[in-house]
Amino acid sequence: MIEPQEFFSNPQTAGSNHYQKDDDISRDQILKLAINEFRDFRDILVNHGVYITTFKGDKGCPDHIFPNWFTTFSNKTMQIFPMKAENRRLEKNQNMIDRLARSYILSADLSFHENNNTFLESTSSMVFDRVNDIAYIALSPRANKELAEKWCRDNNFEPIVFETTSHSGEPIYHTDVLMYVGTSLIGICLDVINEKYRELVEDKVCQHHEILKIEKDQLLSFCGNSLEVKNKEDYLYLVMSDAAKNALNDEQIQTIHRHYKGIISSDIRTIEKYGGGSARCMLSELF
């Protein structure tokens with residue numbers, strides 16, 4: 001997790017993120033609220049026995065709170081990915097990379113693709129089924145089809161590539177807005193997947209998991225932006241925001257509780273409003 005030094009509605013991402021709202025209070029107020037929400041969320045995770053590593057973000061990086069420029073793997077390697085917004089490229093802080101390099105070997109840095117305006121924003125653009133080596137990829141200005149398919153070939157993942165349409169009529173900016181993959185449960189909004197691809201995706205997600213279907217309107221509360229975590233006692237939890245939890249119906253909550261010790265949620269309304277991302281976006285797994 002990365003505690004922000006700056007946080008506001010990033011004008012460089014607003015064109016493709018239709019979930020973020022423009023600033024309507026001062027940036028100082030937004031930052032103060034966001035830091036309080038960040039710390040409360042972190043503390044709730046720690047109180048549930050989840051191990052958390054925290055970095056301090058940089059000025060000039062209003063989205064540093066969302067650490068989706070890198071990912072780690074269970075073989076103790078890490079990779080760095082190309083980001084669309086120029087101020088998001090600045091998030092690749094060398095001190096953070098050096099700290100991570102104590103535990104992970106940097107096996108690939110794909111940042112050079114930024115020079116060709118070709119982007120693939122890590123675990124936000126690709127939602128991994130790491131057990132079955134499947135990568136779900138919703139195409140958008142931040143997820144290039146050719147680069148995603150090449151990455152999957154190079155890393156022995158099966159690509160499931162599809163197109164979406166959000167409430168705004170544009171592609172959903174990140175795959176992790178509409179779906180998450182857990183050990184035995186996948187939450188997914190099939191309704192936003194364009195009809196040409198829907199059956200392909202539904203058939204694939206049903207092969208290894210029970211499916212929790214998320215309604216289109218529930219995406220506006222970030223119900224798809226959830227993440228499975230394991231605590232120090234090896235209990236599995238599903239992490240989401242309070243807004244997402246409150247938008248779930250009773251049947252969905254019962255389904256989640258069949259697969260998890262419980263739901264961990266926190267009030268991150270400021271971060272959701274101005275950042276256009278939620279709980280999963282704030283977490284990068286360290287395997």
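The values are calculated or read from the model by the stated rules, or taken from the named source; none is laboratory data. Treat the numbers as computed from the prediction; the structure is a model and nothing was measured. Neighbour counts run over all protein chains shown; Cβ positions are idealised from the backbone, glycine included.
Mind listing just one residue for me: the one in the stretch 175-188 that is β-branched (V, I, T) and touching a strand residue (DSSP E or B) at 6+ places or on another chain (Cβ under 6 Å) and, of those, nearest to R130 (Cα to Cα)? Across the stretch 175-188, the extreme among qualifying residues is V181. Could you list, in sequence order, all residues of the stretch 114-166 that are of a type in the set (K, R), under 16 Å from the mean Cα position of the chain (by Cα) and under 27 Å from N87 (Cα atoms)? Result: R142, single match.
Being in a helix (DSSP H, G or I) and of a type in the set (K, R) is the filter here, so list the residues in the stretch 193-230 that pass it.
Here is the first cut: in the stretch 193-230, the ones in a helix (DSSP H, G or I) are 195-205, 216-221.
Within the stretch 193-230, K196, R198, K204, K216 meet the criteria.
Name the residue that is farthest from K56 (Cα to Cα), counting only residues in the stretch 96-124 that are part of a helix (DSSP H, G or I) and in contact with a strand residue (DSSP E or B) (Cβ under 8 Å, 6 or more places away or on another chain). Among those that are part of a helix (DSSP H, G or I) and in contact with a strand residue (DSSP E or B) (Cβ under 8 Å, 6 or more places away or on another chain), it is H113.
Given the residues H209, H167, which is the only one that is more than 27 Å from Y51 (Cα to Cα), surrounded by fewer than 23 Cβ atoms within 10 Å (Cβ to Cβ) and not small (G, A, S)? Before the answer, list the steps.
Numbers: H209 fails: more than 27 Å from Y51 (Cα to Cα).
Just a single option satisfies the conditions, and that option is H167.
From the list D63, D28, the lone residue that is acidic (D, E) and under 16 Å from the mean Cα position of the chain (by Cα) is D63.
For the stretch 175-192, a residue qualifies if it is under 22 Å from L283 (Cα atoms) and either in a helix (DSSP H, G or I) or out of contact with any Gly (no Cβ under 8 Å at 6 or more places or on another chain) (or both), and the qualifying residues are T175, D176, V177, V181, G182, T183, S184, L185, I186.
For the stretch 189-204, filtering for residues that are touching a residue at least 24 places away in the same chain (Cβ under 8 Å) and either out of contact with any strand residue (DSSP E or B) (no Cβ under 9 Å at 6 or more places or on another chain) or among the β-branched types (V, I, T) (or both) leaves 3.
Looking only at the stretch 102-155, filter to residues that are of a type in the set (G, A, S) and under 23 Å from I172 (Cβ atoms); which one of those is surrounded by the fewest Cβ atoms within 10 Å (Cβ to Cβ)? Let's see the steps before the verdict.
Going through the stretch 102-155, the residues of a type in the set (G, A, S) turn out to be 103, 107-108, 111, 122, 124-125, 135, 138, 140, 143, 148.
Keeping just the survivors that are under 23 Å from I172 (Cβ atoms) gives 122, 124-125, 135, 138, 140, 143, 148.
Working: S122: 21, S124: 28, S125: 29, A135: 23, A138: 31, S140: 24, A143: 23, A148: 23.
In this case the residue turns out to be S122.
Given the structure, is I172 at pLDDT 95 or above, touching a strand residue (DSSP E or B) at 6+ places or on another chain (Cβ under 9 Å), surrounded by fewer than 22 Cβ atoms within 10 Å (Cβ to Cβ) and β-branched (V, I, T)? Before you say what the answer is, go through the steps one by one.
Values: at pLDDT 95 or above: yes; touching a strand residue (DSSP E or B) at 6+ places or on another chain (Cβ under 9 Å): yes; surrounded by fewer than 22 Cβ atoms within 10 Å (Cβ to Cβ): no; β-branched (V, I, T): yes.
The answer is no for I172.
Is it the case that some residue within the stretch 130-145 is closer than 30 Å to G262 by Cα and in a helix (DSSP H, G or I)? Looking through the stretch 130-145, none of the residues is closer than 30 Å to G262 by Cα and in a helix (DSSP H, G or I). F55 fulfils the conditions (1) surrounded by fewer than 21 Cβ atoms within 10 Å (Cβ to Cβ); (2) in contact with a Cys (Cβ under 6 Å, 6 or more places away or on another chain) except for a single criterion, (2). Close contacts from the stretch 231-255, counting a first residue that is within 20 Å of K216 (Cα to Cα) and surrounded by 12 or more Cβ atoms within 10 Å (Cβ to Cβ) and a second that is at pLDDT below 95 and of a type outside the set (S, T, Y), with Cβ to Cβ under 6 Å and a gap of 6+ residues or different chains, come to none at all. Restricted to helices (runs of 4 or more DSSP H) entirely inside the stretch 231-287, those with at least 3 residues that are among the β-branched types (V, I, T) are 250-259. R88 falls short on exactly one of the conditions (1) in contact (Cβ under 8 Å) with a residue 40 or more places away in the chain; (2) crowded, with 16+ Cβ neighbours inside 10 Å; (3) under 22 Å from N75 (Cα atoms), and that condition is (3).
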